[in-house]
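The values are calculated or read from the model by the stated rules, or taken from the named source; none is laboratory data. Since we're looking at a predicted model, the values are computed, not measured. Neighbour counts run over all protein chains shown; Cβ positions are idealised from the backbone, glycine included. Side chains are part of the model used for accessible areas, which takes the heavy atoms of the whole protein and leaves out ligands, DNA and RNA. Shrake-Rupley method; radii C 1.70, N 1.55, O 1.52, S 1.80 Å.
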Amino acid sequence: MHVEKKILRMKLIVMTKSTFFVEEDKIISSLFEEGLDNLHLYKPDSEPMYSERLLTLLPQEFYSKITVHDHFYLKEEYKLHGIHINDTTTEAPAGYKGRLSRTCRKLDELKDTKKRSDYVFLQNIFDSQTNPNDTQSFTTEELKAAARQGLIDKKVYALGGINIDNIRLVKDLGFGGVVICGDLWNRFDIHQQTDFKELIAHFEKLKKAAG
């Protein structure tokens, strides 16, 4: 009997730019309207009032698709999707019971971290397109071996240098999702542009590639 293998679509996560900018709420709303699964609100070293302001500019219907990396009280206040901890060791806030994700930087961290998380990011799959200090941490052979061992699966999302050219490779390796940052935001100049049609069109291509 022939059993057809079902190919699942990878989750598509967009991580915000690390800084706030004028058109951000409009772009984020448009991304959700075009089918974005989950936005990670990542604004390191920023005051919480700026994240609150951004959230209030977004339609409430999108709050359930937003995950915060800092100022975790926002999760409850705005009924967001969950919180993300940027390492494998920091404890979740006392009494926290909601969705939790984490970032791993080593393959041997995956097994234990997956047990304690709804999903995990594996960082530096490729060279970062936003931070030159974040360079590729694993060879393709190392990632294939990790997939064979069951370390890479649907709960592991690829982070770092993901773009339209390598997203298919990531899918073939068995990752459950991808985290997009530079490949998207580099297509919009926050100082010069107000028209973000090119960015949205590129998101459509990424979504199709992840499908």
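Just one of 148, 168 is more than 26 Å from residue 100 (Cα to Cα) and open to solvent by 30 Å² or more (accessible area, probe 1.4 Å); which is it? Residue meeting the stated conditions: 168.
Can you spot a residue in segment 31-47 that is farther than 30 Å from residue 172 by Cβ and in a helix (DSSP H, G or I)? Before the answer, list the steps.
We begin by selecting, within segment 31-47, every residue farther than 30 Å from residue 172 by Cβ; these are 43-47.
Within this subset, residues satisfying the condition of being in a helix (DSSP H, G or I) are none.
No, segment 31-47 contains no residue that is farther than 30 Å from residue 172 by Cβ and in a helix (DSSP H, G or I).
Take the residues in segment 185-211 that are open to solvent by 10 Å² or more (accessible area, probe 1.4 Å) and more than 23 Å from residue 20 (Cβ to Cβ); name whichever of them is modelled with the lowest pLDDT. Within segment 185-211, the match that is modelled with the lowest pLDDT is 211.
Between 79, 11, 26, the distinction of being open to solvent by 50 Å² or more (accessible area, probe 1.4 Å), charged (D, E, K, R) and in contact with a helix residue (DSSP H, G or I) (Cβ under 6 Å, 6 or more places away or on another chain) belongs to 79 only.
Taking helices (runs of 4 or more DSSP H) as the structural unit, those lying wholly within segment 64-176 and holding at least 3 residues that are touching a strand residue (DSSP E or B) at 6+ places or on another chain (Cβ under 7 Å) correspond to 110-115.
Residue-by-condition table, conditions (1) under 14 Å from the mean Cα position of the chain (by Cα); (2) loosely packed, with under 15 Cβ neighbours inside 10 Å; (3) of a type in the set (A, V, I, L, M); (4) over 25 Å from residue 90 (Cβ atoms):
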| residue | (1), (2), (3), (4) |
| --- | --- |
| 106 | no, yes, no, no |
| 116 | no, yes, no, no |
| 142 | no, yes, no, yes |
| 161 | yes, no, no, no |
| 183 | yes, no, no, yes |
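You will find that of 21, 62, the residue that is touching a residue at least 40 places away in the same chain (Cβ under 8 Å), open to solvent by 10 Å² or more (accessible area, probe 1.4 Å), more than 19 Å from residue 158 (Cβ to Cβ) and not aliphatic (A, V, I, L, M) is 21 and no other.
Condition first: open to solvent by 40 Å² or more (accessible area, probe 1.4 Å) and closer than 20 Å to residue 181 by Cα. Now tell me which residues in segment 82-101 satisfy that. Working first, answer last.
First, pick out the residues of segment 82-101 that are open to solvent by 40 Å² or more (accessible area, probe 1.4 Å): 86-87, 89-91, 93-97, 99.
Matches in segment 82-101: 86, 87.
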